[in-house]
Amino acid sequence: MPITFMLNDRSISLDVEGEMPLLWALRDVLKLTGTKFGCGAGLCGACTVHREGEAIRACTTPMSSVQGRRITTIEGLGGQADHPLQDAWIRHNVAQCGYCQPGQIMAASALLAQNPSPTDEDIDRAMAGNLCRCGTYSRIRAAIHDAAGQLQSDSGQTPAPYYQSNLES
Amino acid sequence: MNSRREFLKAMGLVGGGLILELSLSGCTTPLPHGNARDFEPDAWLQITPQNDIRFYLNSVEMGQGTMTGMATLIAEELNTEPYMIEVKSAGVHADYVNPFYGVQVTGGSTSTRIYYDVLRRSAAQAREMLRAAAAAELGVDVALLEVRDKHIIYRDTRLPMGRFVQAAQSLSRPEVSLKSERDFRFIGRPSVRLDGAMKVRGTAQYGIDVQLPDLFTALVKRCPVQGGHIESWSPNGADELPGVKAIVPIANGVAVVAETYWHAQRALQAITVSWAMPALSQRSSEDIRREFEALAASESGRSALSVGDARADIRAAALQHAATYRLPYLAHATMEPMNCTVRLRDDHCEIWVPTQVPSVCAAIAEEVTGLRRHQITVHTTLLGGGFGRRLSVDYALEATQIAKATGLTIKLVFSREDDMQHDYYRPAAHAEIKAGLDEQGRITGWHQKNVNPNILPYAFQEFATAVLPAWLPDGLVRGLANLGPWVYGTLLMDPASTEGAVEFGYDSVSAEVRHVQADPGLRTGYWRSVGHSINAFVVESFMDELAHRAGRDPLQFRLQHLAGNPRLAAVLRQVAEVGRWGAPMEPGSAQGIAAHYSFGSYVAQLVEVSVVEGDIRVHRVTVAIDCGKTINPDIIKAQMEGGVIFGLTAALRGEITLQDGRVQQTNFHDYPLLRIHEAPAITVHILSSAEAPGGVGEPAVPPIAPALANALFAATGQRLRDLPLRLS
Ligand code: FES
Ligand code: FES
């Protein structure tokens, strides 16, 4: 029996085994490769997607559990334009190798949806499950604060790249 | 067939226009022993009639910012915003790898250092050719024409550069002068990374994301102890499972090819293999530790540095001090697990691979498939982390073997467990060090002896096929490659084992560094900063010990021994000033300092740590770096931040252990990486310098472990000489 669910605001029907993890249905069946494989065991967060707006690990989520649910991946996060977090990520030059970053942004966007002005502690708590081997943590924190400020002020103006004020010399 | 044109086409250099070939080896003229035909470019700058500027480059982007850095150099001389330049991967066509140039490799923090002048000169040539062509066509004096943001500007008129590429093509490459630093628009200034947007939208293509028609996923069941062989195996029903396409034995294990990763993984679990175990299976970490210790006592080893008579000076000194440091094997743990995609046809092999050494992958494919070099194309993808792991090519070897055995187009993927247990590990090491101090607290003699496995025996075996000239018969190449372990194990010194110790940077009457080769059989490889990650810990921890023995402040003690090393002294002074060295600290908190020179750059770090109920908390790290001329300060800053986190992860948690030859760690629960709540605040200060550019990808890693250990000594009085750091 095919599994039917909403993926990035479109209805999808897939004929796959119920035990197949969502991660591999996305990557290997639907060829949506923005969601990354890092550990396969819920330990790194590279595969983070939203189910009903909540951050989950696609690698440990069986397809049977997405039947009738709403799934959002990095490809569908911002709709047509970039999400303010993606914007902030670009301005802060957060990504190094970049491999962990779709997962980081999905975790951060779930956080902001629930808590529009998180403290450092809130960020630490929400983001502790997402590893970054390149060590971009301080920029992730700064970019989340920045995007939160943007969403709050909603001034419609793009702020200057952060390094223009932030670079020590 | 015009193979040059074919190659340009294969690399996607479509659209024609002005194409400048560059040799990034720094050699822009034919080699003296060759002829004109031997000029083999390894990068291309293309300006199309449609006014697109494209730069094709063989240096790979693994997070270190090469893409942005290289584009900035070109942008400067073309006087055009970096984001207007499209940077593409050039891959390798084996035809165009000249063996005399050596291996095509991204590593050693070399890209920007080597290319700084070469790229600028080529872009400046393109600029002048376009100006000359435009001047001729417009019939005006060339001095009146300016190049800016993809346009030629004459008075009020802006004409696209592309309009003149046809005419420029027929000109010869002129002698040019480079822009003066006063006029720089882009070099030395931060900018938005060119690879930033695709990486946050999920559209960046890593090796693991490659899609092809009829592509299947392959996983391999390998011997749990490296070096073991299949004795017998059975699919045990795996071949009956849904989604499975093929199951084949290869040299290193049994491969399953299936429709998805998940189908392959499920089938792999069913397969049973009995292994012929190698000698390594007789050893556990504790045995290796004892072996190293015994060898340090019984062997004198080979000399890597010998100035004066260190033993005699230490014996005669007013005060002697000695210590032993131990470091574990370490895994790279890139976030993107190893992978490689191969499509093999009768007369052509195509490889898509995130690798630091595309030319070695091509050579490996040649050996496995029996095709010739011109029949092999390597496409280098983005790398989800490299850190040296992708200088080894086991993934390419296995993937081509699977493609050959099954006839299928396959993407080999390592599970995280495979990646952790089949790495090329940073060598474990045992280092004994002693020094003498005179009455004034000055070092008179310094003696260090390391016992650790060399890396070159492993690297040479893989690199040889790519480095040795193509005209050598295959058998001879393999034969020479297999000699590597013997040559580098017994005859020659591997610089990687003593780097960071032999450039001994402090004033001393005499100094000696020795190395004893000891290889338990676990393969070793290049890990971000390589030997410096070992020797900076040893040297900088020991300097701290000596300072305390001499009753001196650790910063002052270092400065007192840096008369001959002003750049290291300068970063130390800078970090001490901005990090407020010696400022009063909360009870239970303390500072530690360390500095190290590597890959052409000088880095000093100051760490603030506290210990709460035995728990180590790193609050703040201040970094000062002198990396010569800066190209993009924000990328330098990012590399310092990343290097500190990478080094802290190793200092606090990193340890690969063996039980009966088997790596015990499997995933991130038992090989933990630092997480966001454990990450300190990091401040970076870049010293301005007119010296040649140094590397930035690696130099932040070496000083952090000793700076932290020194801070912990200040906080607790415990001198921790074993990594990872554990308080008792
Ligand atoms: S891949 Fe899912 S948490 Fe790591
Ligand atoms: S940017 Fe490389 S793992 Fe996070």
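A few comments on the model shown:
- Every residue from region A:16-35 that is out of contact with any helix residue (DSSP H, G or I) (no Cβ under 9 Å at 6 or more places or on another chain) and either more than 8 Å from chain B (Cβ to nearest Cβ) or more than 22 Å from B:Ala264 (Cβ to Cβ) (or both): A:Leu30
- Of the strands (runs of 3 or more DSSP E) entirely within region B:364-454, those holding at least 3 residues that are touching a Leu at 6+ places or on another chain (Cβ under 9 Å) occupy B:409-413, B:429-437, B:443-452.
- Hey, B:Arg552 over 19 Å from B:Pro703 (Cα atoms), part of a loop (DSSP other than H, G, I, E, B) and modelled with pLDDT of 90 or more or not: yes
- Against the list (1) within 16 Å of ligand 1 (Cβ to nearest atom); (2) touching a Pro at 6+ places or on another chain (Cβ under 8 Å); (3) not assigned by TED's automatic domain parsing to the domain that holds A:Ala41, the condition A:Arg91 fails is (1).
- Residue within region B:258-269 that is surrounded by fewer than 19 Cβ atoms within 10 Å (Cβ to Cβ), closer than 22 Å to B:Val353 by Cβ and more than 29 Å from the chain's Cα centre (by Cα) present: yes
- Residues that are part of a helix (DSSP H, G or I) and open to solvent by 50 Å² or more (accessible area, probe 1.4 Å) within region B:129-154 comprise B:Ala136, B:Glu137, B:Leu138, B:Val142, B:Ala143, B:Leu144, listed in sequence order.
- Screening B:Trp352 against (1) part of a helix (DSSP H, G or I); (2) under 30 Å from A:Pro102 (Cβ atoms) leaves a single unmet condition, (1).
- Top-ranked residue in region B:392-436 [being in contact with an Asp or Glu (Cβ under 7 Å, 6 or more places away or on another chain) and closer than 23 Å to B:Thr498 by Cβ; ranked as nearest to ligand 1 (Cβ to nearest atom)]: B:Ser392
- Restricting region B:155-207 to residues that are surrounded by fewer than 16 Cβ atoms within 10 Å (Cβ to Cβ) and assigned to a strand (DSSP E or B), the residue that is farthest from the other protein chains (Cβ to nearest Cβ) is B:Thr157.
- Tally of residues being in contact with an Asp or Glu (Cβ under 8 Å, 6 or more places away or on another chain) and more than 15 Å from ligand 2 (Cβ to nearest atom) across region A:89-140: 4
- Test set (1) touching a helix residue (DSSP H, G or I) at 6+ places or on another chain (Cβ under 7 Å); (2) more than 25 Å from B:Thr444 (Cα to Cα) - B:Arg345 fails condition number: (1)
For every residue, the table says whether it meets (1) open to solvent by less than 20 Å² (accessible area, probe 1.4 Å); (2) away from chain B (no Cβ under 12 Å); (3) within 16 Å of ligand 2 (Cβ to nearest atom); (4) out of contact with any strand residue (DSSP E or B) (no Cβ under 8 Å at 6 or more places or on another chain).
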{"residue": "A:Phe37", "(1), (2), (3), (4)": "yes, no, yes, no"}
{"residue": "A:Leu43", "(1), (2), (3), (4)": "no, no, yes, yes"}
{"residue": "A:Glu54", "(1), (2), (3), (4)": "no, yes, no, yes"}
{"residue": "A:Ala58", "(1), (2), (3), (4)": "yes, no, no, no"}
{"residue": "A:Val66", "(1), (2), (3), (4)": "yes, yes, no, no"}
{"residue": "A:Thr73", "(1), (2), (3), (4)": "yes, no, no, no"}
{"residue": "A:Pro84", "(1), (2), (3), (4)": "no, no, no, yes"}
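- For region B:225-232, the criterion of a residue being part of a strand (DSSP E or B), more than 13 Å from chain A (Cβ to nearest Cβ) and in contact with a helix residue (DSSP H, G or I) (Cβ under 6 Å, 6 or more places away or on another chain) is satisfied by at least one position.
- Sole residue being more than 16 Å from ligand 1 (Cβ to nearest atom), modelled with pLDDT of 95 or more and within 14 Å of chain A (Cβ to nearest Cβ), chosen from B:Ala707, B:Ala714, B:Ala650: B:Ala650
- Test result for B:Thr217, surrounded by 17 or more Cβ atoms within 10 Å (Cβ to Cβ) and within 31 Å of the chain's Cα centre (by Cα): yes
- Wholly enclosed strands (runs of 3 or more DSSP E) of region B:250-335 bearing at least 2 residues among the polar types (S, T, N, Q): B:272-276, B:302-307, B:319-327
- Where a residue in region B:286-311 is closer than 26 Å to B:Ile443 by Cβ and its partner, wherever it lies, is part of a helix (DSSP H, G or I), with Cβ under 6 Å and at least six apart: B:Ala304/B:Thr498
The values are calculated or read from the model by the stated rules, or taken from the named source; none is laboratory data. On a predicted model such as this, the values are computed, not experimentally measured, just so you know. Ideal geometry is used to build each Cβ from the backbone, glycine not excepted, and the neighbour counts take in all protein chains shown. We work out accessible area using only protein heavy atoms, side chains counted, and drop any ligands, DNA or RNA first. Shrake-Rupley method; radii C 1.70, N 1.55, O 1.52, S 1.80 Å.
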